[in-house]
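For reference, the structure discussed in these notes is given below.
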Amino acid sequence: MKVNEMIRKIRLPDAPGKRARLHRLLYGAGPGNGTLLVLPLDQGLEHGPTDFFPNPAAGDTDFQLRLAVEGRFSAIALGIGLAEKYLGPYAGRVPLILKLNGKTNIPDDGDAVSPLIAGVEDAVRLGADAVGYTLYVGSPRQDEELRQYARVRADCERLGMPIVMWAYPRGRAVDAKGGKGTVYAIDYAARVAEELGADVVKLHEPQEPNAACPEPYRSLREDLPARLRRVVRSAGRTLVMFSGGARDDDAAVLDKARLYMEAGATGLVFGRNLWQRPFEEALALTRRIHELCARHAR
Amino acid sequence: MKVNEMIRKIRLPDAPGKRARLHRLLYGAGPGNGTLLVLPLDQGLEHGPTDFFPNPAAGDTDFQLRLAVEGRFSAIALGIGLAEKYLGPYAGRVPLILKLNGKTNIPDDGDAVSPLIAGVEDAVRLGADAVGYTLYVGSPRQDEELRQYARVRADCERLGMPIVMWAYPRGRAVDAKGGKGTVYAIDYAARVAEELGADVVKLHEPQEPNAACPEPYRSLREDLPARLRRVVRSAGRTLVMFSGGARDDDAAVLDKARLYMEAGATGLVFGRNLWQRPFEEALALTRRIHELCARHAR
Amino acid sequence: MKVNEMIRKIRLPDAPGKRARLHRLLYGAGPGNGTLLVLPLDQGLEHGPTDFFPNPAAGDTDFQLRLAVEGRFSAIALGIGLAEKYLGPYAGRVPLILKLNGKTNIPDDGDAVSPLIAGVEDAVRLGADAVGYTLYVGSPRQDEELRQYARVRADCERLGMPIVMWAYPRGRAVDAKGGKGTVYAIDYAARVAEELGADVVKLHEPQEPNAACPEPYRSLREDLPARLRRVVRSAGRTLVMFSGGARDDDAAVLDKARLYMEAGATGLVFGRNLWQRPFEEALALTRRIHELCARHAR
Amino acid sequence: MKVNEMIRKIRLPDAPGKRARLHRLLYGAGPGNGTLLVLPLDQGLEHGPTDFFPNPAAGDTDFQLRLAVEGRFSAIALGIGLAEKYLGPYAGRVPLILKLNGKTNIPDDGDAVSPLIAGVEDAVRLGADAVGYTLYVGSPRQDEELRQYARVRADCERLGMPIVMWAYPRGRAVDAKGGKGTVYAIDYAARVAEELGADVVKLHEPQEPNAACPEPYRSLREDLPARLRRVVRSAGRTLVMFSGGARDDDAAVLDKARLYMEAGATGLVFGRNLWQRPFEEALALTRRIHELCARHAR
Amino acid sequence: MKVNEMIRKIRLPDAPGKRARLHRLLYGAGPGNGTLLVLPLDQGLEHGPTDFFPNPAAGDTDFQLRLAVEGRFSAIALGIGLAEKYLGPYAGRVPLILKLNGKTNIPDDGDAVSPLIAGVEDAVRLGADAVGYTLYVGSPRQDEELRQYARVRADCERLGMPIVMWAYPRGRAVDAKGGKGTVYAIDYAARVAEELGADVVKLHEPQEPNAACPEPYRSLREDLPARLRRVVRSAGRTLVMFSGGARDDDAAVLDKARLYMEAGATGLVFGRNLWQRPFEEALALTRRIHELCARHAR
């Protein structure tokens, strides 16, 4: 499969509910041309208030909701507590991805699992257009992770709800094989998302392999664009969104975004890179990202 | 409450799922200005193929789906069988109101009840933005009707699904009190919809009272606009859509539509008046109805 | 839609289980060219042993199973009792349509309902490729019928099981509108099957309208081929099988079969016309019907 | 199928639990040669104490249980109340058929239905080797009957429990077609038992047809042996037991028994004919019936 | 039991659903002579994208589905995610074995368990003809494994679904007794599959015993054909398929296949050996394997 084919790879699911909801995310909101621009806000649970220090205003979830509406995002990703308290006046004005599981980062991640905090019926009740689910790929407790995921998947099937998977390599065994950021780990995560039936997968930028990675990855010599294309390909028909990670300056953000879209990603998940900026700056940067998306219709 | 207030009366529910879905119907699709333009197709079950005789092409449900998409309707109303077989390629391109109950008109309507054929979870699974429910107001078997409705309403509550009620006075007792079309019967139906928690109600045009109607309706001397305003008022915060009934000529259809919107209706349900015409004529008339709706932003 | 289009109308459902099972019926067994040839055996319950008088050997269900296998039928339709006791050695050698409901003909049909005797999970357990369901269209007790059907449909959805509907106009109200055999009644039944989500519908040959039929049917002047095409069209994407009814001579059977296939039917349901003949005669006639089906690939 | 073949027709079901329990009835208890000799005691509920007038001792269920054990019956058929109170010391010494449904004969039988009084799990708990179920074939309320039966059948399937069906033509519609005792009615009942998946069916002796019977039965001219063979054949693989009905003298009883077994029945159900006699007489007659059964190994 | 008897050992289960589905796999698809040729694709989850490096085209699941259809395989084995996304157009054209459990290989296998990701009802819904289940025989966590398996088995019983067991010796305790590949470990696995009610078992080629194996295996001196016959015998009436493992050259693959079939295996599971080749080469090799199967009708 060539990059060009990959780039046009969107195949909506046959199931009408999943299809209608994904259609809404891809064509009815956000850039509206088959690309995705998602504003995530799960960092308060995952990292604590730490991430709001650079921009205390962002500690009030209204900030992100306003940004999501005014910045015309494809969706905002929120956990159940924030959705219940803040979504009200914004319901219907920006699609919701209800993040179903999560945890704090206080214990270390050696045996990471991400427990379910809300269910697919909550997502339906709140009018969400997808659920978000974190899977710690390769965790020593992967059996618990996968069994929990299986129940979510079955509910999504029954209710026509798309699944956006946060596919994160994590845990002691991943560390022993080169760490969570290598192309080995990310590429495996991309394939796992596809094997498990995710509709969309959120991945981190794949780093170079290192000496601890298994072959054939250890010997792989590819630049970042090639690595990005590789993981997009490994995700198969699961649509890929890359996330921006920690805050960077405007040019770096736009550069990353461009690289990701050129590599065949369907979309972008930028959180801290946007809401750690003052509102107007965040909005301005969002507009430039929209311009980029406009050049990559899928 | 004055007409002007009535006209601006839209208050979206607080529950975020209902809110998001109604928002979509009112502002995200169709005229997009708080009015509703709904294309119904339940006549094949309710009346048999009879209604397709004037325009055989309309017997193929693809006709109505294309009309709904190209005519930018707020929603199409379909039963489960048609939705399952025909919605696929249109999913996400026009909102769906899944009609949950129905029956044939072969037995007479003396003891009419409308049995449930699909459930609210089917609506969720198919990505519907509302369910449609026929209530035969005043039927001798109203206890069965209301109990069945109660289960639907509870599911809608749990899943954040708006209810569009086809509130139809029907049955032997209604006939004995002047028939199903009088302002007495329709006005009662409007209030029942509000009492039972419908979010939107579809009503027929209220006719003059007759000698069989109970007082004070029997003595009521109001012209059609006044009767229309009366039933809109009786529906309270339940949004009213009037339906067009059997086919009429273009001028008559537009006249009715104008009367309904001026009376404070939120929307219009035109089925046979549109799809009993050839496609291009139906589309042309739809455009003129859009122009009318544009003048009645809610 | 022209006849030619109708004839090619097979659109397998998107749901993979329904699709796989229908594919098996249409292409993996029987004529194998997209047509259906079904051997029904529910007469013993519906009519009693009466139908076995002309050929007592047919009272032993082994007769029909051997005929179904040796005659390469697309499927045999059996109720749970016969399937449990006789299918064993034939399982996998001819597809099974498990008939889920039925009744005796001892009471009259004024208020006919057909109670559920087995469920969709029984069909799965027995390895059936479809369920058969009788719906008495227009019965005064249609509400019970439709509610019972709704549960069957939901299970079929959940388990990927196709539905073959025996859509039979029946009951006092049907009699008052011209009887169960008129084009009015059959045409309505065809549409009801489509509205209710049947995948395949078994219909009787539509007779001329009579004075008791409602308009526009009462005035309809169409020959049999036109009436057959009409009901095929009214069934939309629901595949139509016509049944042969009571026994006729070979030439008459083949004539009917040809008429049905030329009118756009997907298949034929011949029971008494085959198994009321001695085995070898039945087999010989089956072969001639195969030849006919071979000329009508869908 | 010839009589000889019919007579050897026993085919135990494949399901191991049903097979083990039927094997016990056919070969482990009673005559032990594939024939069945069943002692029924449901008359106290069905007819009231009337039937105990000729032999008041039989009003104490201990009488029948002792007779069943000492007379080496294949099984005793009891309702839940008698089984709970009297079975204790006899449990394991004679197989139990737990009769699941029943009713009084105080109202007339025009709309007869036989409600469930115990369930299949009761039968398991009591160690029964089969359940007994009365089906009123052709009752105007057959839909209720069949739905109730369907649940029993499903439980029997799940729990490996054989079903002995008391297949009784009954109700206004049966009366209108010649009454409950004609060969028309009994023959239909035999087939219904087979269609519904009964393992064993208890039938009454089929009487000559009369003018009210439908054709082809009305014109049937067959002697009793021929009629008996006919209904055995209509029951297919369902094993037939004929019941003796009201009390007769010894010679008449033995005559009936011989006729039944020669006609291909698997067994006999004699209640009043035995327990309306003093214990020792009953036992003596039982022994002569055993001798008869010994000549008809299946 | 002699080899010849073993080779003819196919006894289809009595339960009609299991029987019908296995009949389809054995006689309705693939070689069609009672042998099995299965194309597995669970390596993407079990090993990551590593296995697609030799033939990147195989990373697109369409490759394997086309190969399965054009190569006339008995079945393709897929997990739920791939089945949902890719099966659609192929449904009904090649039987599906839905693989129910799986895991990544990132953590080590000392305490291996394979969590359930989909259920038997998913398999029914997708129209699968069997489920695939990995059991890590001898894992320190075998209690969890077996309990999970027990639920799957019960559902298979209820729904008539055959079980294909991937019986893999695995875990610290297996390593301590000579490792996962010895005849000791494989022979035990074969018997476990039979004991647990698998219909078909997929085994690896049994290697020579080593000094860590328990007696009497430690002292066993058998060549490979003898070891293969031994494990086929240990599997009793569970049909055995041997899998080819990592890629080999054509001659070696055919050699292995011949050895396996001569030893009494019912079938072959070749994955990487086929889809790590370019499509046409894979198809050509498949054809030669078909020729081999043709010589070993069961």
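Each value in this text was obtained by applying a stated rule to the coordinates, not by laboratory testing. Bear in mind that the values here come from a model prediction, so they are computed numbers and not experimental data. Glycine gets a Cβ as well: all are built from the backbone with ideal geometry, and neighbour counts include every protein chain shown.
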Using a 7 Å Cα-to-Cβ projection, D:LEU126 label spacings across copies, nm, ascending: 2.9, 4.6, 4.8, 5.5
Kirkwood Rh (inverse of mean 1/r, distinct Cα pairs), the protein assembly as shown, angstrom: 35.3
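Can you pick out the pairs among B:LYS18/B:LYS99; D:LYS85/D:LYS256; C:LYS99/E:LYS99; B:LYS103/C:LYS99 whose Cα atoms lie more than 27 Å from each other? Numbers along the way, then the final one.
On the way: B:LYS18/B:LYS99 17 Å; D:LYS85/D:LYS256 33 Å; C:LYS99/E:LYS99 31 Å; B:LYS103/C:LYS99 23 Å.
Flagged as over cut-off: D:LYS85/D:LYS256; C:LYS99/E:LYS99.
Could you grab the Rg to Rh ratio for the stretch B:18-59? Cα atoms only, Kirkwood for Rh.
On the way: Rg = 14.8 Å, Rh = 12.3 Å.
Taking Rh as the inverse mean 1/r over Cα pairs, Rg/Rh reads 1.21.
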Copy-to-copy label separations for D:ASN33, where each label sits 7 Å from Cα toward Cβ, in nm and ascending: 5.0, 5.9, 9.1, 9.5
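Quote the charge dipole size of the protein assembly as shown about the Cα centre in Debye, to the nearest 20; the model charges only the Cβ of Lys and Arg (+1) and of Asp and Glu (-1). Don't skip to the end; give the middle numbers.
On the way: 210 positive and 190 negative charges, 343 e Å.
Charge dipole of the protein assembly as shown: 1640 debye, to the nearest 20.
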Cβ-based exposure ranking for A:ARG125, D:ARG11, in which fewest neighbours within 10 Å come first: D:ARG11, A:ARG125
Residue order, fewest to most surrounding Cβ atoms within 10 angstrom, among E:VAL120, A:VAL240, C:VAL192, C:VAL69: C:VAL69, E:VAL120, A:VAL240, C:VAL192
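Over 23 Å, how big is the tail of the calculated P(r) for the stretch C:162-298, in percent of all Cα pairs? List each step's numbers first, then the result.
Details: 3283 of 9316 pairs.
Considering the stretch C:162-298, 35 percent of its Cα-Cα pairs are separated by more than 23 Å.
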Top of E:ILE186, E:ILE106, E:ILE80 by mean-square fluctuation, Gaussian network on chain E, Cα under 10 Å: E:ILE106
Dipole magnitude (debye, nearest 20) for the stretch E:104-253, charges at Cβ of Lys, Arg, Asp, Glu: 360
Principal axis dimensions, chain B - Cα atoms, whole angstrom, descending: 52, 44, 39
Set of the stretch A:158-199 residues, backbone N closer than 14 Å to the point 7 Å along the Cα-Cβ line of E:ARG141: A:172-173
Label 7 Å beyond Cα on the Cβ vector: D:ARG147 copy-to-copy distances, nm: 0.7, 1.2, 3.9, 4.0
Gaussian network model of chain B, springs between alpha carbon atoms under 10 Å - residue of B:ASP223, B:ASP187, B:ASP199 with greatest fluctuation: B:ASP223
Shielding of C:184-192 by partner chains, average beta-carbon count, 10 Å: 5
Gained length - A:VAL69 relative to A:LYS85, 0.36 nm times residue gap less alpha-carbon distance: 4.1 nm
Modelled FRET efficiency - R0 56 Å, D:ARG221 with E:GLU262, Cβ distances, 0.05 increments: 0.25
Estimated 222 nm signal from helices in the protein assembly as shown, with DSSP H stretches of n ≥ 4 weighted -39500 (n - 2.57), rounded to 500: -11500 deg cm²/dmol
Signed unit charges on C-beta, dipole axis of the protein assembly as shown, positive-most listed residue C:LEU203, A:LEU159, B:GLY138: C:LEU203
Nearest beta-carbon to the A/C symmetry axis - residue in chain A, distance in Å: A:ASP14, 2
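Rounded to the nearest 5, what % of DSSP beta bridges with both residues in the stretch B:1-133 are antiparallel? It would help to have the intermediate numbers written out before the result.
Working: 1 of 11 bridges.
Beta bridges within the stretch B:1-133, antiparallel portion: roughly 10 percent.
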Candidates E:ASN33, E:ASN273, E:ASN55: whichever shows maximal mean-square fluctuation once chain E is modelled as a Gaussian network with Cα springs under 10 Å: E:ASN55
Magnitude of the charge dipole, chain C, Cβ model with Lys/Arg +1 and Asp/Glu -1, debye to 20: 940
Kirkwood Rh in Å, taken over all unlike Cα pairs in the stretch C:109-234: 15.1
Dipole-positive endmost among A:LEU12, A:VAL38, A:GLY48 within the stretch A:1-154 (Cβ charges, Cα centre): A:LEU12
Cα→Cβ-extended label distance, 7 Å offset, between D:ASP14 and A:ARG288, nm: 7.1
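Using a 10 Å cut-off around each Cβ of peptide E:16-28, what is the average number of partner chain Cβ atoms that fall inside? The partial results should precede the final answer.
Values: counts 15, 11, 4, 10, 12, 3, 3, 5, 7, 1, 1, 2, 5.
Averaged over the peptide's residues, the number is 6.
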Sorted by Cβ neighbour density within 10 Å, fewest at the top, the residues E:PHE73, D:PHE53, E:PHE53: D:PHE53, E:PHE53, E:PHE73
Value of Rg/Rh across the stretch E:223-280 [Cα atoms, Kirkwood radius]: 1.02
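For B:ASN33 and E:LEU254, what does the FRET efficiency come to when R0 = 41 Å and r is the distance between their Cβ atoms, rounded to the nearest 0.05?
In this case the efficiency is close to 0.05.
Calculate, in whole percent, how much of the Cα-Cα pair population of the stretch D:44-135 lies beyond 21 Å.
Working: 1442 of 4186 pairs.
Result: 34 percent of Cα pairs exceed 21 Å.
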Exercise: per-residue mean of other protein chain Cβ atoms within 10 Å, C:149-162: 4
